[in-house]
Amino acid sequence: MFTDTASAPQWLLSSWIRSCQAAGAQANEPELVSVCRDLLDRWAQPNRTYHGLKHLVDVLTHVDELAEEATDPNLVRLAAWYHGAVFSAESKLAYANAAGEDEVASAALAREQLLGLGVPEEQVEKVARMVTALVRHKAVKKDSDCSVLVDADLAVLKSDPQRYSLYTKAIRAEYAHIPAEDFVRARLRIVTRLLGRPQLFSTAAASAWDDAARQNLEWEQARLSKELRSLTDSPEATIAELTGLSSEPTAPPQS
């Protein structure tokens, strides 16, 4: 795990500069570097045990993996940089279902910084729209760039079982201040909603990840259900009863 900007891969800076310049940025290199440093500082905040620098690196890596399916991969890369640039796990936001990556505020930051770097407004708006789409973690229909970003962000779901287990522990650590029952109930709701989707990934290349992702989610659902039954002393409760969701949920998960 990258715990501070000093431990971040060196290629991040050059990748950022290339993507900005490809998008039409008119700023000089020191200005581009300054904004990159600001973004790295945001991603390196100590409260980000999962949604930190490593997550940013993973999303950018998966964008590269799916880049052939994007119309403009460099805009997708910029959207990846911004998709969780604003983040909070505060209790007040968590109980309002507004914690985690703040896609709306992150999109606003993208507009402010990219316009300041001289990126054309049309390009900036494309980036902002992709970032905002992650509120629902569901790709916009017929938008291949958005599909690539959403799939890259959800790619952790197809991890090998050991890494997936570490992912779930990192998510819990981000919300360590939330009581166990409240956290487990909310997380179970998210997992169950994901499993209710007919497909988890939108791009052709990522469709191969679906089986592994479902296996991980089913494992987590079973573990969370068992834990919640124990916490609530409801050994016979169904998942629908535990979550308050229908047996075939279709609503998107909250980030």
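A few points about this structure:
- Just so you know, the averaged projected area of the alpha carbon convex hull for region 127-187 sits at 5.3 nm².
- Volume in Å³ per residue [convex hull over Cα atoms, computed for region 9-155]: 101 Å³
- Choice from L75, L231, L217 with maximal GNM fluctuation in the chain (Cα, 10 Å cutoff): L231
- Max mean-square fluctuation residue, GNM over the chain, Cα-Cα springs under 10 Å, options T243, T203, T232: T232
- Count, lysine Cα pairs under 28 Å in the chain, 8 or more residues apart or across chains: 19
- Couplings 3J(HN,Hα) of region 32-46, computed from phi: 5, 5, 4, 5, 4, 4, 4, 5, 4, 4, 5, 5, 8, 4, x Hz, in residue order, whole Hz [Karplus 6.51 cos²θ - 1.76 cosθ + 1.60, θ = phi - 60°; x for Gly and Pro].
- Coarse-grained scattering of region 157-243 at q = 0.12, 0.26 Å⁻¹, given as base-10 log I(q)/I(0) from a Debye sum over alpha-carbon atoms: -0.38, -1.32
- Estimated vicinal HN-Hα couplings, Hz - region 172-178 in sequence order (Karplus 6.51, -1.76, 1.60; Gly, Pro = x): 4, 5, 4, 10, 4, 7, 8
- Exposed trypsin sites (Lys or Arg not before Pro) absent: longest stretch of the chain, with sites in DSSP loops and at most 15 other Cβ within 10 Å deemed exposed: 1-135
- Under 5 Å from the amide H of G100 lie the amide H atoms of S88, A89, E90, each residue being 5 or more positions distant or on a separate chain, with H modelled from the backbone and absent for Pro and chain starts.
- Normalised contact order of the chain, rounded percent, pairs of Cα under 8 Å and 6 or more residues apart: 19 percent
- Region 112-132 and region 194-220: distance between their alpha carbon centers, rounded to Å: 30 Å
FYI, it's all coordinate maths here, none of it is from the lab. What you are looking at is a predicted structure, and each value in this text was computed from that prediction instead of being measured. Here the Cβ is made from the backbone with ideal geometry for all residues, glycine too, and neighbour counts use every protein chain on show.
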